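Colleague: Following this message is one structure expressed as structure tokens.
The values are calculated or read from the model by the stated rules, or taken from the named source; none is laboratory data. On a predicted model such as this, the values are computed, not experimentally measured, just so you know. Don't worry about glycine lacking a Cβ; one is built from the backbone with ideal geometry, like all the others, and counts go over all protein chains shown. Quick note on the areas: whole protein, heavy atoms, side chains included, nothing else; ligands and nucleic acids left out. Shrake-Rupley method; radii C 1.70, N 1.55, O 1.52, S 1.80 Å.
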Amino acid sequence: MMDIQTLAQQILASDRKALAQAITLIESSLPIHRLKAEELLGVLPHSQDTVRIGISGIPGVGKSTFISQLGSWLLSKKKARKIAVLTVDPSSPLEGGSILADKLRMQELARHPDVFIRPSPNLGTLGGLARGTRESIQVLEAAGFETIFVETVGVGQSEVHVASLVDAFVLLQMPSTGDEWQTLKKGILELADLIVVNKADGELKQEALRMKKMLELSFSYHEEGFHPAVLTCSSLENEGVGNIGEQVEHFIARQKSNHQFLERRKMQNQFWFEEELVWCLKEEMGHNPHVKKLIDPLRNKVRKGSLGISAAARRAVELLLH
Amino acid sequence: MKTFWRSDWESLAKDELRREGAESLSRESQEGIPIQALYSQDDLDAIGFVESFPGLPPYTRGPRASMYFNRPWTIRQYAGFSTARESNTFYRQCLAAGQKGLSVAFDLATHRGYDSDHPRVPGDVGKAGVAIDSVEDMKILFDGIPLDKMSVSMTMNGAVLPVLASFIVAAEEQGVPQEKLTGTIQNDILKEYMVRNTYIFPPEPSMRIVADVIAYTSQHMRKFNNISISGYHMQEAGADSAIELAYTIGDGIEYVRLVTERGLDIDHFAPRLSFFFGIGMNFLMEIAKLRAARTLWYEKMQVFHPKDPRSSILRTHCQTSGYSLAEQDPYNNVVRTTIEAMAAVLGGTQSLHTNALDEALALPSEFSARIARNTQLILMEESDLSFCVDPFGGSYMMETLTRQLIDKAKMLLKEIDEAGGMTKAILAGIPKLHIEEAAARKQAKIDNGTNTIVGVNKYTAPTDKALKILDINNKEVLQAQKASLETLRRTRDEKKVQNALMQLSAGASDPHANLLQLTMEAMRARATVGEATEALVKVFGRYQASSYSVKSVYGKFMKDNPQFKEAHRRVDAFNRKHGRRPRILVAKLGQDGHDRGAKVIASGLADLGFDVDIGPLFQIPEEAVRQAIENDVHVIGVSSQAGSHKTLIPQLIDCLKKEGAHQIKTVVGGVIPPHDYEFLLSQGVGAIFGPGTPIPECALAILNLLENQT
């Protein structure tokens, strides 16, 4: 394994290979790699002058194509200098392997010299979000990538995590009307800073416009305060992408002008600290022989039914804390 | 004598089976059709069998009344390689040796509308077919071959406009007017989006081009087949016979709808529609498929109310399956091809290509091409196969199977109709998904030994002497093509060319213009294939389909296979040791769009626990290397089917070195002639997997390669 100082130097010089290897290190499941990764993150600077954009939506909604077009638009309009994209694909729960095919739909962007795209398997953790995504963002930002996209498959709970990683959370929706749209999880819609009804082309165009109306209506019933803008887009016909780019820009500018931007990042740091704390505790509990000795009797009792589950859990915490 | 019934036979047969420990008197075919041990009159009654006759509706028994009795099928061998000059020499030899029609294979650069000197195609020029850049090349290709007498079939879809236009102009300059031309242009773009991937433009303008070609040829070239609606490539991509049948007929109907919607009379063009099926090793099923295809086509065409009976008669070319050929013990391929050729003949094909025994490795050599041709000549002239029309007609089994296939195909077509027709279904990825699923299932059945392939997964031979095969020196072809392009561009009237190209671009945005006619003007002025294509790309854009992949099909069938389990265990151990799973980029380089192998291996390796990155089609080595580095894969697996490996693999490895990515290994799979192994290994390739290598074996070899370095 490479010397961390050298790796950091190469990352600061924006070396593609070093970046890629750093992300591998961050994602590794080996404790020794964890330590190295922490060391690396410790020496890399924190860059604040960046924009992180989360893109989520169900499989097939067109996330990758959308990012490719939005990214190309940002570059061509000189609204971004260097763009990085992190995509997360589900690992198979059975075999553990994965097929990482997001880049197929981002070829135009992938060929650009100022772009870095890295697909990662989610390893079945944190509801669809690769464990290392947060830290990978930091590495990419240190390397001078000022605009970062994070793409995840929308499977419900994962959105909470992506939304907690980014400055602007864009939710992509399929055009659909009638009963279907009502099944959209309200909680997820409320996380969104921007909602895009994609595939507004051909026969679906009318349906997309209707859906946009319905979504806007549903928000107007809510209490006052922030309502996400609802836009339509056709990634296929490359229409509406510029408009969305500008909306994202406005949103970020507004966040910055009313001091929400940094405030949100601070809140996110706290959120991730708590997530990580639970994670560390869990891992420690899994490995530490003393913990095992303390908890195993309780585990047995629960299995036999001689002790209630929540009572046993509370008892375990008491034991651990004393 | 006492009368016996089917029930008597059944109880007797069941007794025998019980003694032998078998359970059922029927097996399921790949298509999901039960194949019974015996058929009888009861089965014919059950399907309501009605006797019919060849040459008469519904044409189940053949498109012509006398069939081969007086006029045998056309022996038409698909060939083409290197330069037009080299291919011309080969064609003339074949015609002298008994071949009856030509079938031109173009190289992949031409297919994708690139001139030979384009930076994306150096590995592909002259490799899997002949390089054609302009009318000049086309004239050399048919030098000394009388185009008013010789029927010429051309496999061209993406760049159909410049290639067909060049052919017409070359004939014209040879003194043959276009109305005298006979032959076939493949012109079947739908299956390109489905399986073969040699498209250029998005589906909508591509369909317009198909219609333009049909409109033009049905007016000016009445003896020319304006399309060859192809199922062959679906079968090669892994489709079973029912899927191939259904989607081919579905494609045909879509074309007919397209052209009639433009106001052309059905009887004006439909008699010139032709078909192309693949014929695999399921002998009985394949005969039934051709009979079913004719019946189904007749039925489906009636909604268009043709008056000319020829409008609803399906005429077809067939090719024996390349997929069924093995690299191992290659003389077995002669036997396979013979069986397949017999099925095509018994099914009533109009023309036939028999594969050469070395087709799994390379383009046919002179020797293997002769044996392939002779296979047909022997069937035609030594055997009694052509004496009797539809000898299987009335067979309990064959008539039942024919009907069951029709029913199965109708079910698949219903799904397509519900999706709004073939174009929409293809855009939604429906047919592709079914085909890929069938392919993964088929591969798993071979790898786990359920399906026998002699010399591959059973009865393997000790390594025998390598075949002598044809090797194209791609560098020389490239030089020659570049030189003639240079001469062409220097000597032509540039103003005239640019003007014609501008007209062509303008025609692309004018739905009333006929693009074939406009392309002919450009080609006549000596525009190149690449320039004519570029003129259209300006308006239409270049299209790249996004890929779908099937997961867990392979693993499901393999989970009890010991080698699969071993590989799975090793992958898990790797993961524990290295903190992540082995990660591979499965890449396709150059213009080769055959991606069944790449997809099957990708889905198989993922099922074994690999993290698999999929490279887009048509990558150049530099792009693959960048993707491999960014994704930090352990290994790049290149799938190569079109012979460009000797150019592109060294480039890939050089590029990896240049980028300092020494840690990334390279493995290669697909159609690699054994005598290239040494060369590739010396270039730094870590392992080579020939056709038919079981996926767990590939996985284990890759793991060995990775474990040895760390």
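Colleague: Quick one: compute the contact order of region B:330-473, relative version, from alpha carbon pairs under 8 angstrom and 6+ residues apart, as a percent.
Modeller: On the way: 79 pairs, mean separation 34.4, N = 144.
Once divided by the residue count of region B:330-473, the mean separation gives 24 percent.
Colleague: Any idea how far the Cα center of region B:642-659 sits from the one of region A:201-262, in Å?
Modeller: First find each Cα centre; the distance between them is then 46 Å.
Colleague: Give the calculated FRET efficiency between residue B:506 and residue B:92 to the nearest 0.05, with a Förster radius of 41 Å applied to their Cβ-Cβ distance. Show your work: numbers first, answer last.
Modeller: Values: r = 41 Å, r/R0 = 0.99.
My answer for the efficiency is 0.50.
Colleague: Using the alpha carbons of region B:498-568, what is the convex hull volume per residue in cubic angstrom, as a whole number?
Modeller: Numbers: hull volume 11.7 nm³, N = 71.
Per residue, the Cα convex hull of region B:498-568 comes to 165 Å³.
Colleague: Using a Gaussian network model of chain A with C-alpha springs under 10 Å, which one of A:96, A:144, A:305 is most mobile by mean-square fluctuation?
Modeller: It is A:305.
Colleague: Next up: Towards the positive end of the charge dipole of region B:332-489, with charges on Cβ (+1 Lys, Arg; -1 Asp, Glu), say which of B:456, B:427, B:377 has the farthest Cα.
Modeller: About the Cα centre, the residue reaching furthest to the positive side is B:427.
Colleague: What are the membrane-span-like helices in chain B by this rule: whole DSSP H runs, Cα extent along the axis at least 20 Å, mean Kyte-Doolittle hydropathy at least -0.5?
Modeller: Working: long enough: B:6-20 (21 Å, -1.87); B:160-174 (21 Å, 1.33); B:203-220 (25 Å, -0.12); B:241-261 (30 Å, 0.43); B:283-301 (27 Å, 0.06); B:332-347 (23 Å, 0.71); B:396-418 (34 Å, -0.36); B:430-447 (26 Å, -0.58); B:474-491 (26 Å, -0.96); B:494-508 (21 Å, -0.26); B:562-578 (24 Å, -1.76); B:695-709 (22 Å, 0.75).
Length and hydropathy pass: B:160-174, B:203-220, B:241-261, B:283-301, B:332-347, B:396-418, B:494-508, B:695-709.
Colleague: In a Debye calculation with equal point scatterers on the alpha-carbon sites of region B:203-280 and no solvent, what is log10 I(q)/I(0) at q = 0.14 Å⁻¹?
Modeller: Calculated log10 I(q)/I(0) at the listed q: -0.47.
Colleague: Just want to confirm a number: the relative contact order over chain B, from Cα pairs under 8 angstrom separated by 6+ residues, in percent.
Modeller: Details: 1314 pairs, mean separation 107.7, N = 710.
Worked out over chain B, it gives 15 percent.
Colleague: Tell me, rounded to the nearest percent, the portion of alpha carbon pairs in chain A spaced more than 28 Å apart. Please list the in-between numbers first.
Modeller: Values: 24086 of 51681 pairs.
Here the tail beyond 28 Å accounts for 47 percent of pairs.
Colleague: I've got another one for you. Considering only protein heavy atoms and a 1.4 Å probe, what is the carbon-and-sulfur percentage of the accessible area of region B:531-616? Display every interim value, and only then the final one.
Modeller: Details: 1570 of 2960 Å².
Looking at region B:531-616 in its full context, I get 53 percent from C and S.
Colleague: Evaluate the charge dipole of region B:326-429 about its Cα centre and quote only its size in Debye, nearest 20, assuming +1 on the Cβ of each Lys and Arg and -1 on the Cβ of each Asp and Glu. Don't jump to the answer; show the numbers that get you there.
Modeller: Values: 8 positive and 15 negative charges, 70 e Å.
About 340 debye.
Colleague: Roughly how big is region A:214-322's charge dipole about its Cα centre, with Cβ charges of +1 (Lys, Arg) and -1 (Asp, Glu), in debye to the nearest 20?
Modeller: Numbers: 14 positive and 15 negative charges, 249 e Å.
Charge dipole, region A:214-322, about its Cα centre: 1200 debye, nearest 20.
Colleague: Taking the Cα centre of the protein assembly as shown as the origin and placing charges on Cβ (Lys, Arg +1; Asp, Glu -1), which of B:47, B:675, A:84 is farthest toward the positive end of the dipole?
Modeller: Positive-most Cα among the choices belongs to A:84.
Colleague: Residue farthest toward the positive end of the dipole of the protein assembly as shown, with Cβ of Lys/Arg at +1 and Asp/Glu at -1: which of B:282, B:645, B:224?
Modeller: Of B:282, B:645, B:224, it is B:645.
Colleague: Over the Cα atoms of region A:16-171, what is the Rg over Rh ratio if Rh follows Kirkwood?
Modeller: Numbers: Rg = 14.7 Å, Rh = 15.7 Å.
Here Rg/Rh amounts to 0.94.
Colleague: On to the next question. Just to confirm the filter: which trypsin sites (Lys or Arg not before Pro) across region A:35-93 are DSSP coil and have at most 12 other Cβ within 10 angstrom of their Cβ?
Modeller: On the way: sites: A:36, A:52, A:63, A:77, A:78, A:79, A:81, A:82; in loops: A:77, A:78, A:79, A:81, A:82.
Of the trypsin sites (Lys or Arg not before Pro), the ones in loops of region A:35-93 whose Cβ has at most 12 other Cβ atoms within 10 Å are A:77, A:78, A:81.
Colleague: In addition: Which longest uninterrupted range of chain A lacks any GluC sites (Glu not before Pro) assigned by DSSP to a loop state (not H, G, I, E or B) and surrounded by at most 14 other Cβ atoms within 10 Å?
Modeller: Result for the longest clean stretch: A:1-202.
Colleague: Which percent, to the nearest 5, of DSSP beta bridges fully inside the protein assembly as shown are antiparallel?
Modeller: Numbers: 4 of 85 bridges.
Bridges in the protein assembly as shown are about 5 percent antiparallel.
Colleague: Which number comes out as Rg/Rh for the protein assembly as shown once both Rg and the Kirkwood Rh are worked out on C-alpha atoms? Walk me through the numbers on the way to the answer.
Modeller: Values: Rg = 31.0 Å, Rh = 31.2 Å.
Ratio of gyration radius to Kirkwood radius for the protein assembly as shown: 0.99.
Colleague: I'd like the GluC sites (Glu not before Pro) in region B:365-457 restricted to DSSP loop residues with at most 12 other Cβ atoms within 10 Å, sorted by number.
Modeller: Values: sites: B:366, B:381, B:382, B:399, B:415, B:418, B:436, B:437; in loops: none.
For GluC sites (Glu not before Pro) across region B:365-457 that sit outside H, G, I, E and B with at most 12 neighbouring Cβ atoms in 10 Å, the list is empty.
Colleague: Where the only charges are on Cβ atoms (+1 Lys, Arg; -1 Asp, Glu), what is the dipole of region A:10-77 about its Cα centre, to the nearest 20 debye?
Modeller: Working: 7 positive and 5 negative charges, 46 e Å.
Charge dipole of region A:10-77: 220 debye, to the nearest 20.
Colleague: Tell me the label-point distance for the pair residue B:53, residue A:29, using the 7 Å Cα-to-Cβ offset, in nm and rounded to one decimal.
Modeller: Between residue B:53 and residue A:29, the label points sit 7.2 nm apart.
Colleague: Compute the normalised compactness of region B:223-333: alpha-carbon radius of gyration over 2.2 N^0.38 Å, N being the residue count. Before the final figure, lay out each step's value.
Modeller: Numbers: Rg = 15.4 Å, N = 111, 2.2 N^0.38 = 13.2 Å.
Dividing the Cα Rg of region B:223-333 by 2.2 N^0.38 Å gives 1.17.
Colleague: Based only on the alpha carbon positions, what is the Kirkwood hydrodynamic radius of chain B, in angstrom? Spell out each step's value before the answer.
Modeller: Details: mean 1/r = 0.0379 Å⁻¹.
Averaging 1/r across every pair of different Cα atoms and inverting gives 26.4 Å.
Colleague: On to the next question. Just add up the charged neighbours of residue A:294: K/R +1, D/E -1, any other residue whose Cβ is under 14 Å from the Cβ of residue A:294. Before the final figure, lay out each step's value.
Modeller: Working: positive: A:292, A:293, A:299, A:301, A:314, A:315; negative: A:284, A:296, A:318.
That sum, taken over residues with Cβ under 14 Å, equals +3.
Colleague: To continue, here is another question. Averaged per residue, what accessible area in Å² does chain A show with a 1.4 Å probe, protein chains only? If you can, show how the numbers build up before the last one.
Modeller: On the way: 15840 Å² over 322 residues.
Per-residue accessible area for chain A comes out at 49 Å².
Colleague: Shifting gears a bit: Just tell me the longest site-free run in chain A, where the sites are chymotrypsin sites (Phe, Trp or Tyr not before Pro) in a DSSP loop having at most 15 other beta-carbon atoms within 10 Å.
Modeller: On the way: sites that count: A:221, A:226.
In short, A:1-220.
Colleague: Anything in chain A that counts as a DSSP H helix reaching 15 Å or more along its axis (C-alpha) with Kyte-Doolittle mean of at least 1.0? List them, would you?
Modeller: On the way: long enough: A:16-27 (17 Å, 0.49); A:31-43 (19 Å, 0.10); A:63-76 (19 Å, 0.44); A:204-220 (24 Å, -0.28); A:241-257 (24 Å, -0.51); A:260-287 (40 Å, -0.96); A:289-304 (22 Å, -1.09); A:309-321 (18 Å, 1.08).
Result, helices passing both filters: A:309-321.
Colleague: Modelling each spin label as a point 7 Å along the Cα-to-Cβ direction, I'd like the residue B:388/residue A:77 distance in nm, to one decimal.
Modeller: 7.5
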